[in-house]
Amino acid sequence: MPGRTRRVRLLAIAVCLVFVYFLPIYSPPAIHWTKQPEKWPITSTIQLPSGTPKPIPLVQKKDTKGADKQRLAAVKEACKHAWSGYRKHGWGYDEVEPVSGYGKNSFNGWGATLVDSLDTLWIMGMKDEFEDAVNQTKYIDFTTSSRNDIPLFEVTIRYLGGLVGAYDVSGRQYRVLLDKAVELAEILYSAFDTPNRMPETYYYWKPSFSSNGHRASTRVVMAELGTLSLEFTRLAQLTKEPKYYDAVARITDAFEEWQNQTRIPGMWPTTLDASLRSVSSHGMESFTLGGQSDSTYEYLPKMHLLIGGQFDQYKDMYLASMIPWAEKGLFRPMTPDNLDILISGEIVSAWDYDNETYYETKHSKGEHLTCFAGGMFAMGGKLFDLPEHVEIGRKLTDGCIWAYNATTSGIMPEGFIALACPDKNKCEWNETIRKYILRPEAIESVFYMYRITGEQYWRDMGWKMFRAIDKHTRARYGHSALDDITKLHPEQLDGMESFWIAETLKYFYLLFDEPDVWSLDDWVMNTEAHFFRRPENPLGK
């Protein structure tokens with residue numbers, strides 16, 4: 001009898017185990033964003049400029065050489081390699097880990113590489129891959145997320161910019177791209193529902209949070225607040241919905257109001273108090289064209305282009321910032337060959353308790369992120385008749401090329417310190433952040449300098465950069481960030497951010513492509529290198 005009882009118990013346990021094995025694993029239902037009644041609706045709307053575009057000076061050099069087909073093919077092959085790794089091993093995820101071959105979500109799980117790469121695929125003639133990606137884009141559900149907040153800046157430049165740019169470059173024939181852009185923009189627009197209409201830069205989207213009133217932060221990163229205008233303005237132009245423009249125009253007005261109230265008039269500190277719509281009045285403040293600031297300045301001349309120069313607000317703000325920064329914030333580093341180059345540094349303002357006043361300290365440090373400034377100065381110089389700024393752009397871009405050439409690997413570090421000095425002594429060089437994460441800013445300025453000057457030198461320097469980067473970053477499933485560019489053989493970090501295809505490879509490709517195909521006199525690019533169609537210029541091309 002005991003033996004029979006034991007057998008019955010074992011049978012019961014076995015049945016339970018089989019039941020549990022085949023029972024579906026329970027997961028709670030996904031929470032979805034839902035549109036909430038606005039707590040602080042606007043009472044009047046700033047209208048999108050809809051007049052006749054004004055004549056704007058041409059940017060590109062005429063009669064430059066055609067495509068460099070051999071180099072163009074090499075860049076396209078690198079893009080195909082990176083895209084193939086993502087398509088096979090990271091599809092639907094934000095990124096693929098290029099060494100291990102696993103997908104990962106670094107943002108909101110909406111396929112950052114998928115959306116960010118769309119216009120690159122079209123521009124490189126990878127139409128089958130583009131169609132495949134567009135079809136997958138249909139299934140992105142922006143109303144739910146793998147994280148509790150939405151980083152407004154990153155989502156705007158990568159996703160919203162990616163969708164709008166792909167819609168524009170493909171001749172506006174894929175309506176789903178615009179529809180998905182509007183779907184996303186409606187969610188992002190909710191972040192602007194604050195008392196002063198300054199957005200929450202990290203928006204908590206779940207109904208349990210979003211249904212409550214919220215305010216902008218007392219401490220926001222300047223670039224995260226100031227780098228939304230191109231994307232929302234272009235969407236407003238395409239949809240004829242002025243509220244998208246209104247949202248970012250209010251931010252621009254705030255920046256204009258702040259501009260001459262800061263410790264360095266014309267410039268903005270890296271952090272701002274968005275809740276009070278004011279600059280801070282105490283503590284240490286940093287002024288730079290680098291991280292936390294960069295794209296705010298970048299967007300000023302680009303917005304002037306996107307609105308067809310119909311009013312001078314963006315032009316005036318650009319000139320009010322870059323003319324003084326050219327005097328105060330740039331430095332010539334000591335180099336062994338006494339090169340005539342420039343680096344954009346940092347100025348820190350702090351309170352002197354003894355003298356009860358602010359004092360400034362200049363830091364002769366460079367960042368890969370500041371390398372965009374060469375292209376910005378050169379373009380600003382062309383647009384606003386400042387030939388000396390084109391020359392500044394040349395020297396800044398050469399400064400970044402020098403930083404590439406100064407390392408063992410031939411790749412520029414994330415950050416470094418150089419000694420600012422006018423004599424011919426050897427440069428003091430210290431790589432403070434030795435990794436390289438596939439950033440685009442240096443080749444971005446090389447591209448702009450080539451398009452503006454037409455000089456073969458820039459193509460040759462870009463090719464040298466591409467060969468070094470491709471050599472060290474190429475991994476089994478894409479291209480990988482590197483741990484230390486001072487090593488002869490840097491270790492791969494198994495990370496490939498979406499901007500590798502969206503920006504870095506795109507700029508390399510455009511550098512060697514036929515200049516008139518994607519002309520800077522027809523298009524303006526956001527900070528993620530997504531193309532937006534400019535209004536027709538009365539001056540033609």
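The values are calculated or read from the model by the stated rules, or taken from the named source; none is laboratory data. This is a predicted model, so every value here is computed, not measured. For neighbour counting, all protein chains shown are included, and Cβ atoms are generated from backbone atoms with ideal geometry for every residue, glycine included.
Structure above, values below:
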quantity: Segment 266-291, residues that are at pLDDT below 95 and either in contact with a Cys (Cβ under 9 Å, 6 or more places away or on another chain) or part of a loop (DSSP other than H, G, I, E, B) (or both); calculated: 274, 275, 276, 277, 279, 280, 281, 282, 283, 284, 291
quantity: Extreme residue, farthest from the chain's Cα centre (by Cα), among residues of segment 29-79 that are modelled with pLDDT of 95 or more and acidic (Asp, Glu); calculated: 68
quantity: Qualifying residue in segment 379-395 (condition: closer than 30 Å to residue 489 by Cα and part of a helix (DSSP H, G or I)); calculated: yes
quantity: Counted residues, segment 519-541 - those being out of contact with any helix residue (DSSP H, G or I) (no Cβ under 6 Å at 6 or more places or on another chain) and surrounded by fewer than 24 Cβ atoms within 10 Å (Cβ to Cβ); calculated: 11
quantity: Residue check for residue 72: assigned to a loop (DSSP other than H, G, I, E, B) and surrounded by 13 or more Cβ atoms within 10 Å (Cβ to Cβ); calculated: no
quantity: Condition check for residue 119: more than 20 Å from residue 187 (Cα to Cα) and either in contact (Cβ under 8 Å) with a residue 60 or more places away in the chain or in contact with an Asp or Glu (Cβ under 8 Å, 6 or more places away or on another chain) (or both); calculated: yes
quantity: Residue that is surrounded by the fewest Cβ atoms within 10 Å (Cβ to Cβ) [pool: residues in segment 342-374 that are within 17 Å of residue 396 (Cβ to Cβ) and of a type in the set (Asp, Glu)]; calculated: 346
quantity: Qualifying residue in segment 194-203 (condition: buried (at least 24 other Cβ atoms within 10 Å of the Cβ), touching a Leu at 6+ places or on another chain (Cβ under 7 Å) and of a type in the set (Ser, Thr, Tyr)); calculated: no
quantity: Members of segment 454-494 found to be β-branched (Val, Ile, Thr) and buried (at least 18 other Cβ atoms within 10 Å of the Cβ), listed by number; calculated: 469, 473, 485
quantity: Output for segment 430-446, where each listed residue is aromatic (Phe, Trp, Tyr) and either surrounded by fewer than 19 Cβ atoms within 10 Å (Cβ to Cβ) or over 21 Å from residue 291 (Cα atoms) (or both); calculated: none
quantity: Members of segment 96-116 found to be under 17 Å from residue 141 (Cα atoms) and touching a helix residue (DSSP H, G or I) at 6+ places or on another chain (Cβ under 8 Å), listed by number; calculated: 106, 107, 108, 110, 111, 112, 113, 114, 115, 116
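Per-residue answers, yes or no, for (1) outside the structural domain of residue 77 (by the TED database); (2) in contact (Cβ under 8 Å) with a residue 60 or more places away in the chain; (3) within 21 Å of the chain's Cα centre (by Cα); (4) within 21 Å of residue 156 (Cα to Cα):
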residue	(1), (2), (3), (4)
95	no, yes, yes, yes
103	no, no, no, no
108	no, no, yes, yes
124	no, yes, yes, no
128	no, no, no, no
131	no, no, no, no
138	no, no, no, yes
